[in-house]
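Structure first, commentary second.
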There are 2 protein chains.
Amino acid sequence: MDQLRVRIVGIGTHLQPVVFLRSDSSVCRSEGLATQTRVSLIYEGRELTATLNIVTDHLVNEGEIGLSDAAVNALGVQEGDVVSLQHAPAVESLHHVRSKLYGHALGRQAMQDIVADVVAGHYSDIHLAAFVTACAGSRLDEREITYLTDAMVRSGRRLTWDHPQVVDKHCLGGLPGNRTTPIVVAIVAACGLVMPKSSSRAITSPAGTADTVETMMPVQLTTAHMQSVVETEGACMVWGGAVSLSPADDLLIRVERALDLDSEGQMVASVLSKKIAAGSTHVLIDIPVGPTAKVRSHAQANRLGSVLCHVGEALGLHVQIHISEGSQPVGRGIGPALEAQDVLAVLRRQADAPDDLKQRALDLAAIILEMGGAAVPGQGRELAQRTLEGGQALDKFMAIAQAQGGFHEPPVAGFHHDIVAQRDGVVAYMNNRFLSRLAKLAGAPADAAAGLSMHVRLGERVSRGDVLVTIHAQAQGQLDYALEFFNQHPHEVRVESEFV
Amino acid sequence: MDQLRVRIVGIGTHLQPVVFLRSDSSVCRSEGLATQTRVSLIYEGRELTATLNIVTDHLVNEGEIGLSDAAVNALGVQEGDVVSLQHAPAVESLHHVRSKLYGHALGRQAMQDIVADVVAGHYSDIHLAAFVTACAGSRLDEREITYLTDAMVRSGRRLTWDHPQVVDKHCLGGLPGNRTTPIVVAIVAACGLVMPKSSSRAITSPAGTADTVETMMPVQLTTAHMQSVVETEGACMVWGGAVSLSPADDLLIRVERALDLDSEGQMVASVLSKKIAAGSTHVLIDIPVGPTAKVRSHAQANRLGSVLCHVGEALGLHVQIHISEGSQPVGRGIGPALEAQDVLAVLRRQADAPDDLKQRALDLAAIILEMGGAAVPGQGRELAQRTLEGGQALDKFMAIAQAQGGFHEPPVAGFHHDIVAQRDGVVAYMNNRFLSRLAKLAGAPADAAAGLSMHVRLGERVSRGDVLVTIHAQAQGQLDYALEFFNQHPHEVRVESEFV
């Protein structure tokens, strides 16, 4: 075990910790260390696995080890602290991953070993990508998904509430702008149900609910803060990652994002592990179906719904499925702040509020109100509508924002460009995936104000020169980049001649 | 497109190019660049895709871009050169990888697109791991393997020879110390056949043929040099990577190594693409079968053999399969130099030469001599034996070494440790995979002299205190590390009491 002085080299390598040693250092020669070797660092009882980079230049000196920002944060060290270094032990759980590749199902213990190693940081990017890929498509059966979900719940904190019923909702993505959650939470909590909502940030989409809510109020709350918000308001809207619910999920999601991949098993485990860890008892899952949505057919939605119900049941969670229409974006905005504008317009009962977003939110709130016993079957929608239109939902939303640290209006982007119709006709086709990609190229979700505003809906008549879509960006470079991509794919938002 | 001055930062990140920009630089802010963003660099018409790291320290200044060694080599730039930078275009072929994960077979064009992007460096480690994993196990059918093989051949240079028949051999690994190739090449070439042998370095084993041969002669030859060696001597023994045969293979192998994974489809494509690119017409493939070999059953060997024959045939290559015994290491040495010692002992007809290695080499040479028409069927083995024992094989070996740059004796390690029997008895079990891992922990193949010498064979009687295995290492740290691993797994080389 070698002792080395820490040098903070100011290199950010995201979540993946990297360390730097000189090629001519005695530790490299005596331990036979090379670039890409996995090493263990120990400091005051904390252990970290990192990837080694060999340097030949002045970055670190003999007897020093350079640490990337992720390594510094994970170990909690400062410049000049002395750490111990050794070869990382072999990652034993990788043989389960290999076994899966050779067609063997993963058992309960195997899943727990893998997830524990992932959370402990023992997997490199290559290992994470192999695990994610090995489980992709439909390669996990219901039993394996149950084990994965359970292992992910156990990988982090688990919240408990002093209420027999704790409701929750989730939307299985793929539909740009479908930001019903803040509206549903406000309605349901205003009617007295308990809904401690934790959401994720975007995986492959231009905005996650947490990204959108963050443009209006703080979402990175401590668990204690989150619990006090729920105690006083009956609900909250926080980022799940900040309260350490299912931390394995965030590590896997980073790799899924790089691969632009959502796998069925991991999608189910991701959704349900967050809900179970958050202490929910009843969950409504909305599955939009459309040709370019994440789920493309009712058959697929039913199959996925069945897996969600079975895995939930196996782990003591009541799951209800709602299949909805998903052939075009919801509301006007695509991107964190632009979607927040739509949410506020509905809650504030503005005349120009997008009606499709409002109707969807009411549909979902109605089911949850009935599921949670706040309304008798058949009466949920009327209660939901009354609560929204009477202003109690807006009051509740603002009260939650206040409890979470204060409300603020969403930001507005500095650069924008209108895309106009090149002919008279009818809006005949919109590719949701293309629109998501376009919004991401414009900077969403990293730039909260970036994204798209949709000015038309499917089937709408337009004249040449009418604005179809506005691109919003925080930098000219990103606006140009998005526009170039749009021009390369002229048929993804299509206006066709009207034949009469 | 931004212009930046190159700064060589002296960071080695293996084959994966990495670039560094300051977080407060105008290019980062205007382009919305973040750590892990994939960027394109252009210099004098050459284009390189690299992974961005954001730095906050003094590593690079405003207007500069730091390049890792891999990026410097790939672009061919020097300190102070000006390069252009932009967001990397989306990697279109990744949608084929995702499609494969969802159960769709990969077509000819899809495989060519993927392999072309891999060779162009457009895939990050995460992307490479996903592709390798998506194709792992038995997930490629014969048609997909044929497409992959063909795409890999097209990804690099293709050699041609002025001979109607060009023979080659390959061993499907997994058997430590099975280093027949240098002996077979020497015999076959001494008998007048043309055998331009290119070998790979170790994938997951402690030594590849190229690693072993390199301890005796240069193997990194230019293509022109390789061709002149074959012209004068009828054969060569070079590292395939140096002559750009199937370069995609080397990139995929690096990731397979990190995952300790060999997939059937990629194994077949790797083997056959190298042979076809090398201009071979007739190939003998040796498949050792044993409980801890890479191939564990005759059924698996036959299935793999059939895939190799069919894919070879589809691409115009005649493939012959030889299934051999694979329950224990071959020869005495495990590790590049230690295996070279065994090869030299056989060629030099030393009294202590390992007979199992000699017999295996003669078996293979016999088949190739008959396959290539140098011996009539049934007469191959006698010719092979005569050529070895008459010294013509040694002469040919030395002539090839001379032509490749000169012969030298293999190096000897500075540190070693004997592992002795703890009891009287019989050597009842040896785990090939454990022995490979042990040799790797001792430093092989990076340290050519590191590895193991086996002093006993299965079924041999030993007394307490007899040496079973010697561990060789170039550093005390590695010797200790290997020994610790051995002590943690006391049952992988097992001496059992003899019951009479």
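The values are calculated or read from the model by the stated rules, or taken from the named source; none is laboratory data. Source: prediction; values computed, not measured. So basically every Cβ, Gly included, is an ideal-geometry build from the backbone, and we count neighbours across all protein chains shown.
Counting only helices (runs of 4 or more DSSP H) that sit completely within segment A:78-135, those holding 2 or more residues that are out of contact with any helix residue (DSSP H, G or I) (no Cβ under 6 Å at 6 or more places or on another chain) and within 13 Å of chain B (Cβ to nearest Cβ) correspond to A:94-101. Restricting attention to segment B:490-500 and to residues that are of a type outside the set (Asp, Glu) and surrounded by 13 or more Cβ atoms within 10 Å (Cβ to Cβ), the residue that is nearest to B:Pro445 (Cα to Cα) turns out to be B:Val493. Scanning segment A:287-337 for residues that are of a type in the set (Ser, Thr, Tyr) and out of contact with any Cys (no Cβ under 9 Å at 6 or more places or on another chain) turns up A:Thr292, A:Ser297, A:Ser306, A:Ser327. Among the residues of segment A:370-408, the ones that are more than 21 Å from A:Gln350 (Cβ to Cβ), part of a helix (DSSP H, G or I) and of a type in the set (Gly, Ala, Ser) come to 2 in all.
Scanning segment B:18-32 for residues that are within 12 Å of chain A (Cβ to nearest Cβ) and surrounded by 15 or more Cβ atoms within 10 Å (Cβ to Cβ) yields a count of 10.
When you scan segment B:154-246 for helices (runs of 4 or more DSSP H) that lie fully inside it, which ones turn up with 1 or more residues that are among the acidic types (Asp, Glu) and out of contact with any Pro (no Cβ under 9 Å at 6 or more places or on another chain)?
Values: elements: B:181-190, B:209-214, B:223-233.
It comes to B:223-233.
Of everything in segment A:51-77 that is within 9 Å of chain B (Cβ to nearest Cβ) and part of a loop (DSSP other than H, G, I, E, B), the residue that is modelled with the highest pLDDT is A:Ser68. For B:His417, the requirement of being surrounded by fewer than 17 Cβ atoms within 10 Å (Cβ to Cβ), under 30 Å from A:Ser40 (Cα atoms) and without any contact (Cβ under 8 Å) to a residue 60 or more places away in the chain is not met.
Tally up the residues in segment B:280-300 that are surrounded by fewer than 22 Cβ atoms within 10 Å (Cβ to Cβ) and either aromatic (Phe, Trp, Tyr) or modelled with pLDDT under 95 (or both), please. Summing the residues that are surrounded by fewer than 22 Cβ atoms within 10 Å (Cβ to Cβ) and either aromatic (Phe, Trp, Tyr) or modelled with pLDDT under 95 (or both) in segment B:280-300 gives 8. Within segment B:255-264, restricting attention to residues that are at pLDDT below 80 and under 12 Å from the mean Cα position of the chain (by Cα), which residue is nearest to B:Pro206 (Cα to Cα)? Within segment B:255-264, the match that is nearest to B:Pro206 (Cα to Cα) is B:Arg257. Does B:Leu48 satisfy the condition of being more than 8 Å from chain A (Cβ to nearest Cβ) and touching a Cys at 6+ places or on another chain (Cβ under 6 Å)? No; evaluated as a whole, the condition is false for this residue. Screening the candidates A:Leu308, A:Leu315 for the property of being touching a Ser or Thr at 6+ places or on another chain (Cβ under 8 Å), away from chain B (no Cβ under 14 Å) and not aromatic (Phe, Trp, Tyr) yields one hit, A:Leu315.
What is the number of the single condition among (1) within 30 Å of B:Thr146 (Cα to Cα); (2) touching a Ser or Thr at 6+ places or on another chain (Cβ under 7 Å); (3) small (Gly, Ala, Ser) that B:Ala366 does not meet? Checking B:Ala366 against (1) within 30 Å of B:Thr146 (Cα to Cα); (2) touching a Ser or Thr at 6+ places or on another chain (Cβ under 7 Å); (3) small (Gly, Ala, Ser), the one that fails is (2). Of all the residues in segment A:378-392, those that are surrounded by fewer than 20 Cβ atoms within 10 Å (Cβ to Cβ) and either under 19 Å from A:Ile285 (Cβ atoms) or of a type in the set (Lys, Arg) (or both) number 2. Every test in (1) in contact with a Leu (Cβ under 9 Å, 6 or more places away or on another chain); (2) in the same structural domain as B:Val229 (by TED's automatic domain parsing) is passed by B:Asp395 save one, and that test is (1). Within segment A:301-316, the residues that satisfy the criterion of being surrounded by fewer than 24 Cβ atoms within 10 Å (Cβ to Cβ) and in a helix (DSSP H, G or I) are A:Ala301, A:Asn302, A:Arg303, A:Leu304, A:Gly305, A:Ser306, A:Val307, A:Cys309, A:His310, A:Glu313, A:Ala314. Do we have any residue at all in segment B:368-389 that's within 25 Å of B:Val219 (Cα to Cα), in the same structural domain as B:Ile203 (by TED's automatic domain parsing) and under 23 Å from the mean Cα position of the chain (by Cα)? Yes, segment B:368-389 contains at least one residue that is within 25 Å of B:Val219 (Cα to Cα), in the same structural domain as B:Ile203 (by TED's automatic domain parsing) and under 23 Å from the mean Cα position of the chain (by Cα). If we scan segment B:169-186, do we find a residue that is within 14 Å of another protein chain (Cβ to nearest Cβ) and either in contact (Cβ under 8 Å) with a residue 12 or more places away in the chain or within 27 Å of B:His318 (Cβ to Cβ) (or both)? No. When you check B:Ile145 against the structure, is it in contact with a helix residue (DSSP H, G or I) (Cβ under 9 Å, 6 or more places away or on another chain) and within 14 Å of chain A (Cβ to nearest Cβ), yes or no? Answer is no for this residue. Considered as a group, the residues in segment B:352-377 that are without any contact (Cβ under 8 Å) to a residue 24 or more places away in the chain and under 21 Å from B:Lys197 (Cβ atoms) include one that is surrounded by the fewest Cβ atoms within 10 Å (Cβ to Cβ), and that residue is B:Gln359. Scanning segment A:409-423 for residues that are of a type outside the set (D, E, K, R), within 19 Å of A:Pro329 (Cβ to Cβ) and assigned to a strand (DSSP E or B) yields A:His416, A:His417, A:Ile419, A:Val420. One residue stands out among those in segment A:458-481 that are within 14 Å of chain B (Cβ to nearest Cβ) and out of contact with any helix residue (DSSP H, G or I) (no Cβ under 6 Å at 6 or more places or on another chain): the one that is nearest to A:Ala446 (Cα to Cα), which is A:Gln474.
When B:Val495 is tested against the conditions (1) among the hydrophobic types (A, V, I, L, M, F, W, C); (2) in a strand (DSSP E or B); (3) closer than 20 Å to B:Asp342 by Cβ, the lone failure is (3). In segment B:33-45, the residue that is surrounded by the most Cβ atoms within 10 Å (Cβ to Cβ) out of those that are more than 10 Å from chain A (Cβ to nearest Cβ) and part of a strand (DSSP E or B) is B:Leu41.
Set side by side, the residues B:Arg457, B:Arg437 differ, and just one is within 22 Å of the chain's Cα centre (by Cα) and within 25 Å of B:Thr212 (Cα to Cα), which is B:Arg437.
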